[in-house]
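Novice: What follows is a structure written as structure tokens; I'll ask about it next.
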């Protein structure tokens, strides 16, 4: 019972599993604790951080006994940087638990008694696999040393000056180091959302893993300092001859989002290209693109297999982004209608379709919910890849009213996937779900689910 424990107490716990989100699960005196930084099989000392009637939360302060699947983390920043949570867990175990996250969500939230969930498809690479990473600036000027890196674990404001990241290529880390040194020497501080002063905000590194093309996207506050930002671009071009594109964008909004609002300068090419399953994709600075290219190929191939297109079908691709799945489906479908809210992504999708000679694609820009309400030809198959919050209730309703024979649901969040499947169960049966690991060493898992009209 919670009355036996108090916030701030140190307790010894034996961890027997993982909960979705990556926290260890432990029981003591009939009470459940979710423990940050603990792995299955470990016995840990943990500090209680929060107590509820039925469960508590704690943070591991010391590992008293190793678990059977513990390994040595490969990154010197592991534990400080918030980018990874499972580097010290054997990769096969990571895959096992990611499948379990999907099974648990479908059972508890989706109303599926015995969901058919396949073994998690492993990422082809577990290091240097990311094709995009967002690095944030903080400090600088007379206040504190300028930092450029990744967020400290558990913090939205503190930045770890990352010198090595096993998820990134050597080019990426050298580019981050060079940018940090240049910006520090400029004497100009990073942007502060509190005062509205300062310049430097984000550096986004993008790479085409199959094409070898590279982009550095610098995002600053608007106003004075634009000449220094352009000089940084020239400096980086000279330091890295392999750099395909340097883009400098400004962002006026205070929210900490690595999304440029206005392009100030582009040196070299204005975008880069990537290939997936033989298709060519244009990637502009703000484009959404799956961050693990080779694992995305597994994801797209599975979605294509589930759709089972014969060339006669009309397909809706909801939340289509820059057309990643749309183009894969267009190779086999009669026609594809992609719907996406971000205008720049729709522009990229149209260009991507043209680049690949796919004239059977049509892309609509706007809120997916409103686009569906306006009406379009009913589909035989629906592909949907919504953001983490899942589909809006009106979108789910529109799909059920359209009654496609198949729904292929691509999700980055098993909980909202399960919620939507439960609603769809009025007309659709879950046939199978396939977890795919696009984010090794983290608790995140992608999933492709096939639903068929009852």
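Novice: Could you check the stretch 399-413 and list, in sequence order, the residues that are outside any strand (DSSP E or B), farther than 30 Å from residue 167 by Cβ and touching a strand residue (DSSP E or B) at 6+ places or on another chain (Cβ under 9 Å)?
Specialist: 399, 400, 402, 403, 404, 405
Novice: Failed condition for residue 241, given (1) touching a helix residue (DSSP H, G or I) at 6+ places or on another chain (Cβ under 9 Å); (2) modelled with pLDDT of 95 or more, with all others met?
Specialist: Going through the list (1) touching a helix residue (DSSP H, G or I) at 6+ places or on another chain (Cβ under 9 Å); (2) modelled with pLDDT of 95 or more, residue 241 breaks only (1).
Novice: Report, by residue number, each residue of the stretch 297-319 that is assigned to a helix (DSSP H, G or I), touching a residue at least 24 places away in the same chain (Cβ under 8 Å) and out of contact with any strand residue (DSSP E or B) (no Cβ under 6 Å at 6 or more places or on another chain).
Specialist: Matches in the stretch 297-319: 300, 301, 304.
Novice: Continuing with the same structure: Tell me the residue from 249, 322, 245, 284 that is out of contact with any strand residue (DSSP E or B) (no Cβ under 8 Å at 6 or more places or on another chain) and surrounded by 21 or more Cβ atoms within 10 Å (Cβ to Cβ), please.
Specialist: The unique qualifying residue is 284.
Novice: Still on this structure, I have one more. With the requirement that a residue be within 30 Å of the chain's Cα centre (by Cα), surrounded by fewer than 19 Cβ atoms within 10 Å (Cβ to Cβ) and under 20 Å from residue 94 (Cα atoms), what does the stretch 24-58 give you?
Specialist: Result: 25, 36, 41.
Novice: Here is a list: 174, 134, 125. Which entry is modelled with pLDDT of 95 or more and assigned to a loop (DSSP other than H, G, I, E, B)?
Specialist: 125
Novice: A follow-up question, please. Tell me which of these residue 265 doesn't satisfy, since it passes every other one: (1) within 23 Å of the chain's Cα centre (by Cα); (2) modelled with pLDDT under 95.
Specialist: (1)
Novice: Shifting gears a bit: Just the residues that are farther than 14 Å from residue 202 by Cβ and either touching a strand residue (DSSP E or B) at 6+ places or on another chain (Cβ under 6 Å) or in a strand (DSSP E or B) (or both), please, taken from the stretch 141-161.
Specialist: Within the stretch 141-161, 144, 145, 152, 158, 160, 161 meet the criteria.
Novice: Please pick out the residue among 67, 110, 22 that is at positive phi and either in the same structural domain as residue 302 (by TED's automatic domain parsing) or not in a strand (DSSP E or B) (or both).
Specialist: The unique qualifying residue is 22.
Novice: Considering each residue of the stretch 120-135, count those that are out of contact with any helix residue (DSSP H, G or I) (no Cβ under 9 Å at 6 or more places or on another chain) and surrounded by fewer than 21 Cβ atoms within 10 Å (Cβ to Cβ), and give that number.
Specialist: Counting residues in the stretch 120-135 that are out of contact with any helix residue (DSSP H, G or I) (no Cβ under 9 Å at 6 or more places or on another chain) and surrounded by fewer than 21 Cβ atoms within 10 Å (Cβ to Cβ) gives 2.
Novice: Could you grab me the full set of residues in the stretch 414-427 that are surrounded by fewer than 24 Cβ atoms within 10 Å (Cβ to Cβ) and either touching a helix residue (DSSP H, G or I) at 6+ places or on another chain (Cβ under 9 Å) or outside any loop (DSSP other than H, G, I, E, B) (or both)?
Specialist: Within the stretch 414-427, 415, 416, 419, 422, 423, 424, 426, 427 meet the criteria.
Novice: Sticking with this structure for a sec: Taking only the stretch 240-290 into account, find how many residues are in a loop (DSSP other than H, G, I, E, B) and at positive phi.
Specialist: The total comes to 2.
Novice: Restricting the search to the stretch 325-351, which residues are crowded, with 24+ Cβ neighbours inside 10 Å and assigned to a strand (DSSP E or B)?
Specialist: 336, 338, 339, 340
The values are calculated or read from the model by the stated rules, or taken from the named source; none is laboratory data. All of these numbers come straight from a predicted model, not from anything done at the bench. Methodologically, a virtual Cβ is constructed for each residue, glycine included, from the backbone with ideal geometry; neighbour enumeration extends over all protein chains shown.
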